[in-house]
Amino acid sequence: MSRLARSAGNRGSTPREAKRAMTYEVLLNTVGWPLAKIVVLLAAVLTVVAYIGWFERRLLGLFQSRLGPNRVGPLGLLQPVADGLKLFLKEDIVPLNARPFLFKLAPVFAFFPAFLGFAVVSWALPWATPSGRHHGFVVADVDLGILLVLAVSSLGIFGIILGGWSSGSKYPLMGSLRSASQMLAYEIPLTLSVIAVILLGGSFRLSDIVAAQQKLGAYFILPGLLAFGVYLISAVAETNRVPFDLPEGESEIIGFHTEYSGMRFGFFFVAEYANMVLISVIAASLFLGGYDLPGVDDAALYAAHPNLASALGVFAFAAKSALFAYFYVWIRATFPRYRYDQLLRIGWVVLLPIALANVALVALLKLWLLR
Amino acid sequence: MAFLWILLAAFIAACALGVVLSRSPITSAVSLLAGFLGVGILYLCLRAEFVAAAQVLVYAGGIMVLYLIGVMFTDSEALRLTRQAHFQAWPAFFLVLALFLWMGHRLYRSEFTAEPPVLRVAVAAGADQEASAKTALAERAGLAKESNPRQVSVALFRDFLYPFEAASVLLTVAVLGGVFLAKKEV
Amino acid sequence: MNAIGRFLQMVTFPELLKGMAITTKYLAKPKVTESYPDARPVLPYRTKGRLHVEIETCISCRMCEKACPEGCIRVYPPPKEVFKTDKRPAEFYLNQEHCLHCGLCVDPCPTGSIHHSQEFELAVVHYDDLLFDKETLPYDLDQKRFRWNLLENVPVKK
């Protein structure tokens with residue numbers, strides 16, 4: 001903003017030139033940079049989402065004494081491309097009983113919330129250009145970053161409900177009902193565990209939360225250990241992954257996308273992996289300090305070499321998120337699926353009271369110890 | 001901005017009409033969902049981000065899910081064939097029309113001066129008045145200084161604490177009543 | 001005390017951690033997958049692959065031809081004057097299309113010239129490729145992992 005005023009005052013000698021410079025600046029700041037950031041972020045996220053599938057399958061293979069997909073390209077690195085091509089080329093079937101409009105709308109509902117959440121994640125300290133400007137590593141640095149993520153991800157359930165209902169078949173309907181009650185049950189502990197972190201950090205903004213962790217000198221996984229546990233469990237349930245994969249049940253239960261084929265199924269598939277990446281990224285920045293470099297004084301490094309600190313921050317963030325992705329694959333390789341009543345019991349009877357008590361606990365902690 | 005508002009308002013009104021006029025309950029529910037999302041975007045345009053997020057989180061993400069589950073379990077074909085309004089239709093129409101006209105009148109007469117700050121900056125730049133641009137920017141900075149969640153929390157927990165707590169008590173009573181009604185043996 | 005113990009067990013999940021330790025152990029173990037087209041699998045030595053004939057030791061006795069239930073082996077001995085000195089067959093045909101891999105031809109062979117090889121890639125493009133003769137029948141000895149012990153009629157590890 002000061003930059004705007006300065007350019008208006010200094011650059012233009014005549015009023016018209018000043019006006020033009022100002023308009024240019026406004027356009028660049030309101031349209032140009034956000035668009036560029038969105039494109040870069042989407043490309044990066046889509047690549048990661050494509051390769052997290054490969055990563056999961058390779059790792060799962062190693063856990064099970066297999067090798068995993070290694071035939072397409074070196075190390076199987078072209079496997080996501082092959083899968084995507086296959087899905088694109090398959091026939092797109094709309095069942096006779098389906099409601100066509102809702103049937104086609106449902107994958108969109110599943111797909112977009114998963115990607116919208118990435119907009120508020122701040123990936124590193126701002127990048128400084130030689131001209132003295134700072135570009136934040138974030139698309140939308142809004143006040144209520146994490147709340148926006150929660151709000152938007154709560155919309156993903158509509159993809160499942162509408163997809164199951166509009167298929168015009170009873171098995172997807174049953175699958176979608178299972179899924180809906182599961183996601184309702186686990187959304188509350190998830191939100192409460194995030195609220196505990198918000199209390200500790202004192203802000204909804206993810207960069208503020210990371211800054212609070214740097215100021216505290218410890219990651220929030222220590223004061224919020226209980227919240228971390230609740231978050232981990234309910235995040236697995238929210239993303240419909242093993243051992244809470246009842247909505248989908250790859251191996252035996254018929255899930256909500258039974259009637260979907262081709263790229264419409266692909267949308268659900270990609271949305272699941274995007275949710276997994278999003279959950280990992282949020283967990284990394286809430287509990288593991290995000291782009292904070294462990295064992296390094298970030299503020300001093302940023303004052304000395306701002307761009308080095310930013311670049312290293314992105315890598316630290318990626319490494320911390322990858323830890324969570326590894327954890328998800330690990331538990332997928334280890335645990336069998338829960339029964340449906342066990343699943344709801346864990347959600348309502350175990351996690352919810354723990355999460356509620358934890359919020360009170362963290363509030364007291366904040367009140368007395370961390371002021 | 002005004003254009004965006006007209007677009008959104010038309011969209012929300014169309015969704016509301018869809019809720020009322022549609023014969024299929026699931027179409028009603030989906031248009032209600034679209035209307036909630038539209039209202040959320042409207043809040044965003046008004047710079048009430050917290051309210052927008054709460055709208056999406058609570059209404060679109062929570063309540064609509066329960067609605068949809070309820071609708072899925074009803075016999076939608078039978079509902080489609082049922083005539084849902086009998087003699088009430090015309091009296092209700094005139095009553096709602098009168099209410100609508102009255103509300104429109106009140107809204108038209110009241111003063112709203114909240115203009116989006118970005119628009120002001122652009123206008124100021126267009127008028128090539130440096131001083132006014134600077135004051136507009138300062139105003140914007142002042143607005144942004146007080147963060148949105150903080151404003152909401154100050155309103156809820158300082159200014160209107162007693163009504164807020166009273167509402168929570170009311171909700172608790174409602175929950176207890178619901179449990180009492182639903183559970184046969186306590 | 002019991003309640004506290006149960007609570008501790010509930011929050012620390014000892015059995016879950018045990019399971020995760022087991023999967024981690026398997027992460028480091030050697031993999032059992034045969035990466036087949038890149039590396040040929042090690043087959044058991046009694047694998048009944050395509051028949052292999054050591055033409056050099058064959059004495060054209062036609063025992064295998066008589067034993068074959070499918071009649072897919074044809075042995076043509078050399079002319080009589082050659083046979084007196086050189087008993088190697090003039091021609092040896094195997095109709096792979098009909099071969100059962102039953103191994104009945106292997107047992108009666110007095111010299112142990114005919115036996116199963118390790119060859120299991122039996123798909124061919126054309127019918128004619130299923131007919132093997134003296135030239136094409138011997139399995140590529142370089143790829144063989146087992147030598148034939150002629151005295152005891154058993155394979156020996158190389």
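Derivation of every value follows stated rules applied to the coordinates shown; laboratory data play no part. Bear in mind the structure is a predicted one, so any value in this text is a computation, not a measurement. Cβ coordinates were reconstructed from backbone atoms using ideal geometry, including for glycine residues, and neighbour counts include every protein chain displayed.
What is the angle, in °, between the Cα long axis of helix C:14-28 and the longest principal axis of the Cα atoms in chain C? Nearest 10 is fine, range 0 to 90. Relative to chain C, helix C:14-28 is tipped by roughly 30 degrees. Using C-alpha pairs under 8 Å with a sequence gap of at least 6, the mean separation divided by the residue count of the range C:15-95 gives a relative contact order of 22 percent. A:Ser167 sits among other residues whose Cβ lies under 11 Å from its own Cβ, and their net charge, with Lys and Arg +1 and Asp and Glu -1, is +2. Contact order, relative form, for chain A: 21 percent (alpha carbon pairs under 8 Å, 6 or more residues apart, mean separation divided by residue count). Of the cross-linked pairs C:Lys66/C:Lys87; A:Lys320/C:Lys25; A:Lys320/C:Lys18; A:Lys366/C:Lys18; C:Lys66/C:Lys134; A:Lys104/A:Lys170, those separated by over 26 Å at the C-alpha level are A:Lys366/C:Lys18. What's the angle, to the nearest 10 degrees (0 to 90), between helix A:170-201's Cα axis and the longest principal axis of chain A? Tilt relative to chain A: about 30 degrees. Most tightly packed first, judged by the mean number of other beta-carbon atoms within 10 Å of their residues, the peptides C:74-87, A:154-167 read A:154-167, C:74-87. For chain A, the mean residue ellipticity at 222 nm estimated from helices alone is -21500 deg cm²/dmol, where every DSSP H run of n ≥ 4 contributes -39500 (n - 2.57) and the total is divided by all residues, rounded to the nearest 500. For the range A:161-192 versus the range A:83-114, the inter-centroid distance based on Cα atoms is 17 Å. The distance separating the Cα centre of the range A:51-72 from that of the range C:98-112 comes to 43 Å. Shielding of peptide B:52-59 by partners, expressed as the average count of other chain Cβ atoms within 10 Å per residue Cβ, is 5. Distance from the Cα centroid of the range C:62-86 to that of the range A:215-236 is 81 Å (rounded to whole angstrom). Among the residues of B:26-33, the average count of other protein chain beta-carbon atoms within 10 Å of the residue beta-carbon is 3.
A crude spin-label estimate for the pair A:Asp297 and A:Lys90, with each label 7 Å from Cα along the Cβ direction, gives 5.6 nm. Ordering C:Tyr36, C:Gly5, C:Ile55 by Cα displacement along the dipole of the range C:1-113 toward the positive end leaves C:Gly5 in first place; charges were set at the Cβ atoms of Lys, Arg (+1) and Asp, Glu (-1).
For chain A, the longest principal axis of the alpha carbon atoms and the long axis of helix A:15-27 meet at an angle near 30°. Take each residue in A:148-157, count the other chain C-beta atoms within 10 Å of its C-beta, and the mean is 5. Sorting the segments A:92-100, A:184-192 by their mean number of nearby beta carbons within 10 angstrom, highest to lowest, gives A:184-192, A:92-100.
Remark: the range A:282-348 carries a charge dipole of roughly 520 debye about the Cα centre, counting +1 on each Lys and Arg Cβ and -1 on each Asp and Glu Cβ. Note on chain C: GNM, Cα springs under 10 Å; of C:Ser60, C:Ser117, C:Ser35, the largest mean-square fluctuation is that of C:Ser35. Taking +1 at the Cβ of each Lys and Arg and -1 at the Cβ of each Asp and Glu, which of A:Ser207, A:Trp33, A:Val49 sits farthest along the dipole of chain A towards its positive end, judged by Cα position relative to the Cα centre? It is A:Trp33. With a ≥ b ≥ c taken as the square roots of the eigenvalues of the C-alpha gyration tensor of the range B:1-80, please select rounded if a/c is under 1.5 and otherwise prolate if a/b is larger than b/c or oblate if it is not? The shape class here is oblate. When peptides A:334-346, A:43-55 are sorted by average Cβ neighbour count within 10 Å, with the highest value leading, the order is A:43-55, A:334-346. Taking Cα centre as origin and charging only the Cβ of basic (Lys, Arg, +1) and acidic (Asp, Glu, -1) residues, the dipole magnitude of the range A:93-368 rounds to 340 debye. A cut-off under 15 angstrom between Cβ atoms defines the neighbours of A:Ile188, and their net charge, with Lys, Arg +1 and Asp, Glu -1, is -1.
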